[in-house]
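Colleague: Please find one structure pasted underneath; my questions will follow.
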2 protein chains.
Amino acid sequence: MIVPRTRESRPKFKPFELGLSAPWLHRPPRRLPRPVHFNPREQALVERIKRLKKEAGSHSPSAWTLAKLIPELRLKVDACFLSNPYATNLFLMHLHREVIRPKKLRALLELYPSQNRVIAAKLGRVLDQSADSIFVGNGAIEIIQAVLHRFTRDKLLVNLPTFSAYYEFARPDTRVVFNHLRKEENFRFDPQRYLELVRRERPDTVVLINPNNPDGGYIPYATMLELLDELREVPNVIVDESFIHFATEGPGFAYASVADEVSRFPNLMVLKSMSKDFGIAGIRAGYAVMAPDRVRSLLDNGYLWNSSGLAEYFFDLYSRPDFQERYERERVRFIRNSRRFFAALARLPGMHVYPTHANFALVELQNGLSAEDLVWRMLVRRGIYTRTCDDKRGLEPGKFVRIAARNRPENAYIIRSLRRMLG
Amino acid sequence: MIVPRTRESRPKFKPFELGLSAPWLHRPPRRLPRPVHFNPREQALVERIKRLKKEAGSHSPSAWTLAKLIPELRLKVDACFLSNPYATNLFLMHLHREVIRPKKLRALLELYPSQNRVIAAKLGRVLDQSADSIFVGNGAIEIIQAVLHRFTRDKLLVNLPTFSAYYEFARPDTRVVFNHLRKEENFRFDPQRYLELVRRERPDTVVLINPNNPDGGYIPYATMLELLDELREVPNVIVDESFIHFATEGPGFAYASVADEVSRFPNLMVLKSMSKDFGIAGIRAGYAVMAPDRVRSLLDNGYLWNSSGLAEYFFDLYSRPDFQERYERERVRFIRNSRRFFAALARLPGMHVYPTHANFALVELQNGLSAEDLVWRMLVRRGIYTRTCDDKRGLEPGKFVRIAARNRPENAYIIRSLRRMLG
């Protein structure tokens, strides 16, 4: 069941570290991995991937780009981008049954979709938010850009490591300061140290991704509430909850969003990508909950038709109770599988898996194998696309890989492949 | 055949008014139309539509929104939004054959699409432009917003009537000045008067939509070249060619874009929606050709993943010669039909049809029927969605309707319905 967002039913805060801590303990490697020797064909592939990666800047080239530009790769598992494949199945099932088979696809592709406010009104019903406090985006990334360009002024505070768009999309006249999450503390977010930094630096905008990307670290709901209270004086508080559906707290698989705190904290903006939990990155759908005057300010001179017909269909579906119920089952199934996967990852030799509350794990290699060695080998030899974190600020280059959980057979294939490579 | 965009093969400029002028001559109404009496059911429908229209601001609610929120309407023909339905058929045929039937839709919806620069590189090949001078947008409207927010400073000059986004999306600190196209001159663009106004007002940005929306007026290619030369001192010259595929010049059905003038005029930005000529407004696809430093400035802090998987598939298709060839046939077929349709419209009593070089016609009612009367009657009684221009600045309210050309049976149905209503 989805957690109703009313005050009474909020899950109680439990102390940090939920269940997942034990298996992550570091194990020393039993023996050194076999050195990497690519044959000339593999080496040529690696060179082509590296070129594409370089062109893609601080983000990875999409699996779609890779698969099309280098068809020889025979990509089997995309464990680079972060989504729930069961939810993709569910969405596709609905799309086929309700749109493609009854020949309604044409209307979705030919006609203009509804305007931002119309889609917000639909979303408002399921989010239990007033429509005028919802801003619909062409993916969360459009909202990140919109908010940083419109509301942020001279100083932006982001945690490191983080999703790089939060500092890359800042305007040239915005100074970015960083709160370094410490590896030796498992990248755990320390509220006290954070608030001290806020008092010292006086940023006009702070960003909290919860759970954080790329480490999966989670700030519990009660801590978030306390933080919001302490951050009252900061003009813009961005909370990115793109991975919140995977971060359960309290009994069962309930999750807790701070979106309905927007009415209490007019400085709060809660951003949400739909690409992760619903596995539909190709549709580009996201939204944010924020004070109505902020939504108005954004819509006053832009963002009129920024959703596609398919995104609108998705939002329609999302606001239906029958879909919600089916989605809830897939969400829980995915979380269960992901936890098993992370536990299995942590049992592999030669790597340290950091505690995660998201659908991916940050992995530190500890047996001399470099992140690139592992990632290229996995890609070229096993068709598994994972992500080196060499370009992630705040992480020592060469040592970190981010691996996303997929469905059960894919997870098993990733584990088998890693076991083989790590020896 | 598509016109190659090389300098040699450019169609020669011919004096303004190509072929379409004769049938537009105004004819006096033979008798007054029957007064509008809606029954209570119809009246209730009209009230609901008006409410939706009010919520949609200065744009019309999409046919999609109308059809879903008021299913009783039984919408048959969308002659409000502006597209080539034959091209939609063509696109859908390819989509079914290449994506849906071979079960490749999942990849398009699940995975992240390619980044802006990757899609620009594909487009560059078919546009014969260097990839770094192409900016890909989530519909042309995103590019309008991007350009007005990033490059426009204190003064913007737009023609009136126009596509309202060009003044609505201006930043609050930008002053908008207007060049009024004159009804008594058939809304013809007068270059000399325009240049005088530019010299007097000294705007930092000027916008030319060619052909213009909502009247379909066209500035011939040679005039455009002269204008660009005269506008060298204006920092930003936006030319919106979203309807250029319908504006033929010289022999055959060739059309002439100024996109390759960007290398000569670094102040020039040529915007292009794909929604109109390809009939895919629901996909949200557009691009602009502009100087590489402008593209870089936009991409430096935003617009990374602004195309959907379907938009990327469309751009892939668009860059294929086999698709281009098939599309060319549908473009010419549509233009032929549209011309017949506009000629038939012009023969109807009680309305004046302005000369158009686009896929729509601006119609002035002259027999006492108001624009709303006509539009609601068409919608409620015949399921035909057209557009009153009551909210269009620069047009006398209550008198103007914009009617888009559709396929042949739809055009015939529109003509039959109008004939019946106009008596």
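The values are calculated or read from the model by the stated rules, or taken from the named source; none is laboratory data. Only a predicted model underlies this, so the values are computations on that prediction, with no experimental measurement involved. As a convention, Cβ positions derive from the backbone with ideal geometry for all residues, glycine included, and neighbour counts pool all protein chains shown. Please note that ligands, DNA and RNA were not included when accessible areas were found on the heavy atoms of the full protein model with its side chains. Shrake-Rupley method; radii C 1.70, N 1.55, O 1.52, S 1.80 Å.
Colleague: For region A:128-142, which residues satisfy the criterion of being part of a helix (DSSP H, G or I), within 11 Å of another protein chain (Cβ to nearest Cβ) and surrounded by 19 or more Cβ atoms within 10 Å (Cβ to Cβ)?
Modeller: Listed by number, the residues that qualify are A:140, A:141, A:142.
Residues checked against (1) within 25 Å of residue A:245 (Cβ to Cβ); (2) in contact (Cβ under 8 Å) with a residue 24 or more places away in the chain; (3) out of contact with any Ser or Thr (no Cβ under 9 Å at 6 or more places or on another chain); (4) in the same structural domain as residue A:185 (by TED's automatic domain parsing):
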position	(1), (2), (3), (4)
A:285	yes, yes, no, yes
A:294	yes, yes, no, yes
A:331	yes, yes, yes, no
A:344	yes, yes, yes, no
A:354	yes, yes, yes, no
A:358	yes, yes, no, no
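Colleague: Is it the case that residue A:125 is touching a residue at least 24 places away in the same chain (Cβ under 8 Å), assigned to a loop (DSSP other than H, G, I, E, B) and open to solvent by 10 Å² or more (accessible area, probe 1.4 Å)?
Modeller: Spelling it out, it is not the case that residue A:125 is touching a residue at least 24 places away in the same chain (Cβ under 8 Å), assigned to a loop (DSSP other than H, G, I, E, B) and open to solvent by 10 Å² or more (accessible area, probe 1.4 Å).
Colleague: Continuing with the same structure: When region A:51-61 is examined, which residues are found to be surrounded by fewer than 16 Cβ atoms within 10 Å (Cβ to Cβ), at the interface with chain B (Cβ under 10 Å from one of its Cβ atoms) and not in a loop (DSSP other than H, G, I, E, B)?
Modeller: The one that is surrounded by fewer than 16 Cβ atoms within 10 Å (Cβ to Cβ), at the interface with chain B (Cβ under 10 Å from one of its Cβ atoms) and not in a loop (DSSP other than H, G, I, E, B): A:55.
Colleague: In contact (Cβ under 8 Å) with a residue 60 or more places away in the chain, within 30 Å of residue B:64 (Cβ to Cβ) and aromatic (Phe, Trp, Tyr): does that describe residue A:314?
Modeller: yes
Colleague: Has region A:280-298 got at least one residue that is acidic (Asp, Glu) and in contact with a Lys or Arg (Cβ under 9 Å, 6 or more places away or on another chain)?
Modeller: no
Colleague: Looking at (1) within 14 Å of chain B (Cβ to nearest Cβ); (2) charged (D, E, K, R); (3) outside any loop (DSSP other than H, G, I, E, B), which is the one condition that is false for residue A:173?
Modeller: Only one criterion is unmet by residue A:173, namely (3).
Colleague: If you don't mind, there's one more thing I want to ask. Being in contact with a Phe, Trp or Tyr (Cβ under 9 Å, 6 or more places away or on another chain) and under 30 Å from residue A:273 (Cβ atoms) is true for just one of B:312, B:330, B:364. Which residue is that?
Modeller: One residue alone meets the criteria, B:312.
Colleague: Working only within region B:397-413, note down all residues that are open to solvent by less than 50 Å² (accessible area, probe 1.4 Å) and within 19 Å of residue A:111 (Cα to Cα).
Modeller: B:402, B:403, B:404, B:405, B:406, B:407, B:410, B:411
Colleague: Could you list, in sequence order, all residues of region A:117-151 that are more than 22 Å from the chain's Cα centre (by Cα) and under 22 Å from residue B:150 (Cα atoms)?
Modeller: Of everything in region A:117-151, those that are more than 22 Å from the chain's Cα centre (by Cα) and under 22 Å from residue B:150 (Cα atoms) turn out to be A:150, A:151.
Colleague: Right, here's the next one. I want to confirm something. Restricting to region B:312-331 and keeping residues that are over 15 Å from residue B:287 (Cα atoms), open to solvent by 30 Å² or more (accessible area, probe 1.4 Å) and not basic (Lys, Arg), which single residue is nearest to the other protein chains (Cβ to nearest Cβ)?
Modeller: Applying the filter and picking the extreme gives B:330.
Colleague: Could you run through region A:204-228 and say how many residues are over 25 Å from residue A:335 (Cα atoms) and surrounded by fewer than 23 Cβ atoms within 10 Å (Cβ to Cβ)?
Modeller: Residues meeting the conditions: 4.
Colleague: Working carefully through the options A:348, A:374, find the one that is more than 26 Å from residue A:254 (Cβ to Cβ) and crowded, with 21+ Cβ neighbours inside 10 Å.
Modeller: So the residue among A:348, A:374 that is more than 26 Å from residue A:254 (Cβ to Cβ) and crowded, with 21+ Cβ neighbours inside 10 Å is A:374.
Colleague: Out of region A:229-251, which residues are more than 20 Å from residue A:295 (Cα to Cα) and either open to solvent by less than 10 Å² (accessible area, probe 1.4 Å) or touching a residue at least 40 places away in the same chain (Cβ under 8 Å) (or both)?
Modeller: A:231, A:243, A:244, A:245, A:246, A:247, A:248, A:249, A:250, A:251
Colleague: Follow-up. Can you tell me how many residues within region B:62-73 are in a loop (DSSP other than H, G, I, E, B) and modelled with pLDDT under 80?
Modeller: 1
Colleague: Restrict the check to region A:375-386 and report whether at least one residue is more than 13 Å from residue A:215 (Cβ to Cβ), in the same structural domain as residue A:79 (by TED's automatic domain parsing) and among the polar types (S, T, N, Q).
Modeller: yes
Colleague: Would you check if there is a residue in region B:40-50 being in contact (Cβ under 8 Å) with a residue 40 or more places away in the chain, part of a loop (DSSP other than H, G, I, E, B) and either more than 9 Å from every other protein chain (Cβ to nearest Cβ) or crowded, with 21+ Cβ neighbours inside 10 Å (or both)?
Modeller: Looking through region B:40-50, none of the residues is in contact (Cβ under 8 Å) with a residue 40 or more places away in the chain, part of a loop (DSSP other than H, G, I, E, B) and either more than 9 Å from every other protein chain (Cβ to nearest Cβ) or crowded, with 21+ Cβ neighbours inside 10 Å (or both).
Colleague: Can you give me the number of residues within region B:91-114 that are more than 10 Å from every other protein chain (Cβ to nearest Cβ), open to solvent by 10 Å² or more (accessible area, probe 1.4 Å) and part of a helix (DSSP H, G or I)?
Modeller: 3
Colleague: Return the residue satisfying two criteria in turn: it lies in region A:62-90 and is in contact with an Asp or Glu (Cβ under 6 Å, 6 or more places away or on another chain) and small (Gly, Ala, Ser), and of such residues it is farthest from the other protein chains (Cβ to nearest Cβ).
Modeller: Only one residue tops the list, namely A:87.
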